[in-house]
Structures are given as structure tokens and as C-alpha cells.
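The values are calculated or read from the model by the stated rules, or taken from the named source; none is laboratory data. Just so it is clear, the model here is predicted, and its values are computed rather than measured. Positions of Cβ are generated from backbone atoms using ideal geometry, with glycine treated the same way; all protein chains shown enter the neighbour counts. Surface areas here come from the heavy atoms of the whole protein model, side chains and all, with no ligands, DNA or RNA. Shrake-Rupley method; radii C 1.70, N 1.55, O 1.52, S 1.80 Å.
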Amino acid sequence: MSEPSQPDPPGTEQPEPTESPESRDRPDRLGPRPLDRPPADPTAAAVFGRPAGVAGAFAPPPGGLLGTRNAFADLKITLPPPEALATAFRRPPDADEVLQRPPGRPSPDGDGAEDPLWSSENGADPWRDPAAGAVIGPPAVGKDADAAEVPRRPSGALLSLPEVLFGRRVKPTALLLLGLVALLIGSAGGLVGWAVARGGDVLTSDVTLAQVQPGKERPSGSVADIATRVSPGVVSIEVKGGQDAGTGSGVVIDGQGYIVTNDHVVTLAGRAVEGQKITVVFFDGQRAEARMVGRDPKTDLAVIKVEVSNPTVLQLGDSDKLAVGDAVIAIGSPLGLENTVTEGIVSAVHRPVVAGGENGDDPVVYDGIQTDAAINRGNSGGALVDSTGALVGINSVIRTAEGSTGSIGLGFAIPVNSMRRITESLISQGRVKHADLGLSARSVSADTAEGAQVVNVADNGAAKQAGLVEGDVIVKVGDRQVRNAPELTVAVRQYEPGQTVPIVLARQGRELTIQVTLGSD
């Protein structure tokens, strides 16, 4: 450790440095800063001062100079460096400099003087002042940096597309080169798209796809087309009376507001309730209160009337022209779901249908159209239309499996030809009369024949006057074959009261034909 400097004795004056003649010719050098030597503390000087008898900076080693030599004799000398490192980093053989001068710095003059590194002229430059503080500032740029900077060439005005193409501002070769580059880029993009599309076909390359023929959306005569035209003429019917309520469907058949529906739709518990309210809901949501015009419980038909203007009326078709396999559409409000459309075919025609009659009332019997179009509760009274949209039947009943109340593809509708005759009578007279034989019958069958056997003959009835007796088996009425009792009722009702029709029967093994003038019920 170096010892602190000793203060000069008081009264000692330092001699002023004298300027030699050589120093006058040298460049002005930056002089040393004044040295501030504060007086040493006597206590510190006593602790850290030189020991007595020591004049130099370090105390002599023990044994004097001989001890120094002995100390250095114990040092181990390292091996000389490798020749490659020595050649790369050693001082050149003819160099007498202690430190190599930096590149670009001139060698000193012959008198041994060299240019000062710091002079009074550049003493204000912090990069050349060793006492300058270290701060973050702008990068060091010399005085002549701006002058040495190459001036930038001013940019020209930007050209618009018309100027590039038609302004003769760009050489034609440059335009051709630009078009060629654009064409190459577009071709590369198309090639990539083709490769991606071809790679996507691999997913279905091993699959045979079904061919799809282009078709017109909702062509004329399609189910959608028919439903669009027919649905506005089908209504929903709500019936309320006391604590009971029911819903069904109906069909508008006249511009004055007449609507045909099933008798069991507009009656509660099989009979009209006093004070019951009937409400009709149209396709567009319009609601109107309806009044009863007339009802026919034997064929399950009824007519009601609403006061509306310009309702949509369905066109009546011809049910006698229906054939098994014809397409039909059922429209109604099953389970309260208004404007429901289902599709099917005619499964059978002239199917005798028997329903009701559980409470001592006359059973419902009619010559029905059987269809597999889905018909459910609430479809009753709705429309059954053909492939032209014409009304061919009024949906009435369905057959269900044991324990089920939904459709199993066995639905029945009242033919529109029968409906037309009955509704005309209900509208004009408020009631309808059916042809009647005046007898009771039951279904019978044998090995070779089947028919309706007479069980009871009413006094003064048409059968009694024609000579029919109990036990006769009726097998034909007019030109219609009779295979059971319901079909006998249907065959008779296709005629008007007062008409005379031939009836073929079997009596005691003989076949007889009797002319019968039909009565009225």
C-alpha cells in the first residue's frame, strides 16, 4: 500500500517550472489540472506513515539486495509461448517502441516529440476530455461529419396509372417486363390453386357419387306448390262450452263464409251444447266467431258460417275419379298445430267406415276414402286434396293400434261427392234426409258367399212393402256388391229417397231380385 503524501513543511516554496526553448515550438498541450493536497491528519499519518529509516515507497526485503535475488531464484520460469502465438502477437524485431501506436497516428518527429492527444483547442470536446463524465447523449460526430455526408438525391413525383400506361413516362420495355412479372405471379397462383383442388378430390376419389339432376325449385304441382295454394282455404276450429273444449279443422266451400267440418268437431261429447262458442282461425291468423248452420250425425258432417269478406275457397274435385295409388295431401291442425301438411296416396276407395254409436246414437256410416297420409287428432274436418289441389275428401277418422292414439297410416275421408249433396241440403234446409230400407241387418259369410242378413223388418218400411223377410241375405244393391252390413247402408244411401232400385238377395238357397222403392229416415 502506498503511504499518504507528506505535506510540505510550512514556508517551503515550490520553484516555478521553467519553459525550455523546445517546448515553445511544440503544439499547445492541455496542461495538468491543479493538484489539491489537503493536509494529512496527524493520527492517520502516525498509523499509515513510512516507518522510521525508510525513505522510499517500499521497505527493502529482508537480507538486502541479496535476499531479493534469493527470492527471485525460487520463482519457476514458465515455458516459452508457442511459436505461432509469438509470431502473431510479439513486437516486430526492429521495433523499439514500448507500445504500438494506433493505426493512422503519425510517428513522432526526429526530436522525439509527437502531436498532443489533448490540446487546448479540443479540450471542450467531451470525447477527448479524460475528465468528462459518462452520460448518455447523441452519438459522437466530428465537426466535419455533416460536410462529409453525401447529399441525398431528391425523389421524383409519383406517377398515376394512366401516366404509367399512356403518359410515355415509362419505357415500353419496363411495361412489358412488369406485365410479364404479373403474368408469372398469376400463373403461379393458378397452379397452386389447381394443385390444392386436385388434392382435395383425393378424399372422394374412391367413392361413386350419385348423379344429381338439376331441377327447378318448387315446380308447379309439387307438394309445396299445392300447399301454398290450398292452405289459405283450410281453417282451424275452436269449440268451447262450459268446462269442455275441443279443436279441429274445417274447409271454406263458399264465398259467403260457409265452412264444412265434421259433426264431432263442432259438438262436445257427441251433441251440441247450449251456449257453446265456435271460433274460426284463418290461415293469416284472423279470428271470427261462427254460428251453426246444420249438422248430420249419420255422416259426421256439419256446416258453420262466419261473417268475413273475400275468403279463400277451395275448388271441389270429383272423388269418383280417384284411383288407388293417386297422390293426395292432407291439410289441417293436428293436435292444435295449424296449417300442417302431410302427403300420401289413396290406399283404397269405397271403403265402408263405421264409427260412433256407443251411447245409443245412430252410428256414423259413410263410403270412405282410405289414405296413408298422416291424419291425427285435430285433422278432423280438414281437407284431403288431389295432385291438382282440388278438394276430394273431408278427413274424418283413423284406425289406430291397440294402446295407441296416433296415426299408423290408416286414415279415412268422406268423399267430396257425398259431402256436396249433404252440405247443399244443410245450407238450404238445415237438415238432410237419407234413403232407407227400413230394416236391420248383420254381416254374414259362407264358404262361397257373403252379405248382409236381414234381422228385423220395420212395419210400413220400404223392405216390408217390397216383401223382404227376416233371414234374407242381401248381396247386391243396384250395381254395387254388398259384403257386409255397413256396406248395405252405404249402398242404399247413394240413392235418393223415393228411387226404385233392384236388390239381389239369397232366400232358402235361391237368388231373388226384388225392386224396392226406397224410403227416408
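Things worth noting here:
- For region 398-408, the condition of being modelled with pLDDT of 90 or more and hydroxyl-bearing (S, T, Y) holds for none of the residues.
- Test set (1) open to solvent by less than 20 Å² (accessible area, probe 1.4 Å); (2) within 44 Å of the chain's Cα centre (by Cα); (3) on the phi > 0 side of the Ramachandran plot - D300 fails condition number: (2)
- Any chance T400 is at negative phi, crowded, with 17+ Cβ neighbours inside 10 Å and under 46 Å from the mean Cα position of the chain (by Cα): no
- Qualifying residue in region 455-477 (condition: out of contact with any His (no Cβ under 6 Å at 6 or more places or on another chain), touching a residue at least 24 places away in the same chain (Cβ under 8 Å), among the acidic types (D, E) and open to solvent by 30 Å² or more (accessible area, probe 1.4 Å)): no
- Odd one out for I278, checked against (1) within 22 Å of V392 (Cβ to Cβ); (2) buried (at least 20 other Cβ atoms within 10 Å of the Cβ); (3) at pLDDT 90 or above; (4) of a type outside the set (K, R): (1)
- Residue match in region 208-222 (condition: open to solvent by less than 100 Å² (accessible area, probe 1.4 Å), within 31 Å of the chain's Cα centre (by Cα), hydroxyl-bearing (S, T, Y) and at pLDDT 70 or above): yes
- Residue match in region 172-191 (condition: of a type outside the set (S, T, N, Q), in contact with a Gly (Cβ under 9 Å, 6 or more places away or on another chain), modelled with pLDDT of 85 or more and open to solvent by 100 Å² or more (accessible area, probe 1.4 Å)): no
- Annotation note: of V308, V293, the sole residue that is modelled with pLDDT of 90 or more, under 16 Å from G430 (Cβ atoms) and either touching an Asp or Glu at 6+ places or on another chain (Cβ under 6 Å) or open to solvent by 10 Å² or more (accessible area, probe 1.4 Å) (or both) is V293.
- Tally of residues being part of a strand (DSSP E or B) and open to solvent by 20 Å² or more (accessible area, probe 1.4 Å) across region 425-454: 10
- Put simply, of I414, I422 the only residue that is open to solvent by less than 30 Å² (accessible area, probe 1.4 Å) and part of a helix (DSSP H, G or I) is I422.
- Residue list for region 319-338, filter: touching a helix residue (DSSP H, G or I) at 6+ places or on another chain (Cβ under 8 Å) and open to solvent by 60 Å² or more (accessible area, probe 1.4 Å): D320
- Scanning region 223-255 for residues that are outside any helix (DSSP H, G or I) and either loosely packed, with under 14 Cβ neighbours inside 10 Å or among the hydroxyl-bearing types (S, T, Y) (or both) returns S236, G242, Q243, D244, A245, T247, S249, G255.
- Hits in region 303-328 (condition: of a type outside the set (S, T, N, Q) and within 24 Å of G257 (Cβ to Cβ)): V303, I304, K305, V306, E307, V308, P311, V313, L314, L316, G317
- Some residue of region 381-397 being without any contact (Cβ under 8 Å) to a residue 60 or more places away in the chain, open to solvent by 50 Å² or more (accessible area, probe 1.4 Å) and outside any strand (DSSP E or B): no
- In a residue-by-residue description of region 343-354, the property of being touching a residue at least 60 places away in the same chain (Cβ under 8 Å), open to solvent by less than 20 Å² (accessible area, probe 1.4 Å) and of a type in the set (V, I, T) applies to at least one position.
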